[in-house]
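I have placed the structure first, in the form of structure tokens, so that the comments after it can refer back to it.
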Amino acid sequence: QVQLVESGGGLVQAGGSLRLSCATSGRTFSSYCLGWFRQAPGKEREFVAAITSSGGSWSYAGSVKGRFTISTDNAKNTVYLQKNSLKPEDKAVYYCAAGANPTTMSRGQSDYWGQGTQVTVSS
């Protein structure tokens, strides 16, 4: 069974930073590409970023490129999403996801989802 456990959400002011973490098992970490999606109120879930466990391949949504950085810690079986220069429109529930590769995940495809963590950005 694949489990993805997110943490790190919260309230931050516009322009601030926040780091999300997603912990999983070693088997999941090595078998899947891991990434992040988000869903704002009244909107569909959208892709944010994804990375292979080796860190050798990744993908970002255009709206976050240059502000967000996805990374992995193989020793901890954890994927991170460092979010800088946050904007009010970044407010959403952020979901960790496990899928086939960064390309398919960037198209919205994922096999497993975490429970989500709320990120609120105040203006």
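The values are calculated or read from the model by the stated rules, or taken from the named source; none is laboratory data. Because the structure is a prediction, the values reported are computed rather than measured. Every residue, glycine among them, receives a Cβ derived from its backbone with ideal geometry; neighbour counts consider all protein chains shown. Ligands, DNA and RNA are stripped out before the accessible areas are found, and what is left, the full protein with its side chains, is counted by its heavy atoms. Shrake-Rupley method; radii C 1.70, N 1.55, O 1.52, S 1.80 Å.
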- [ ] For residues that are hydroxyl-bearing (Ser, Thr, Tyr) and either under 19 Å from Gln118 (Cα atoms) or modelled with pLDDT under 95 (or both), scanning just the stretch 38-57, find the one that is surrounded by the fewest Cβ atoms within 10 Å (Cβ to Cβ).
- [x] Ser54
TODO: Determine whether the stretch 92-102 contains at least one residue that is free of Cβ contacts under 8 Å to residues at least 60 places away in the same chain and among the small types (Gly, Ala, Ser).
DONE: yes
Task: Residue that is within 30 Å of Ser123 (Cα to Cα) and open to solvent by 20 Å² or more (accessible area, probe 1.4 Å), where the choices are Gly35, Gly10 - done: Gly10
TODO: Among the candidates Ser54, Ser85, Ser63, Ser59, single out the residue that is over 15 Å from Val2 (Cβ atoms), part of a strand (DSSP E or B) and hydroxyl-bearing (Ser, Thr, Tyr).
DONE: Ser59
TODO: Scan (1) touching a residue at least 40 places away in the same chain (Cβ under 8 Å); (2) polar (S, T, N, Q); (3) within 23 Å of Val2 (Cβ to Cβ) for the single condition Ser122 breaks and write down its number.
DONE: (3)
Task: the stretch 67-114, residues that are closer than 18 Å to Phe29 by Cβ and open to solvent by 60 Å² or more (accessible area, probe 1.4 Å) - done: Asn74, Ala75, Lys76, Ala100, Asp111, Tyr112, Trp113
TODO: Starting from residues that are of a type in the set (A, V, I, L, M, F, W, C) and in a loop (DSSP other than H, G, I, E, B), keep the ones in the stretch 8-49 and report whichever is farthest from Ala97 (Cα to Cα).
DONE: Ala14
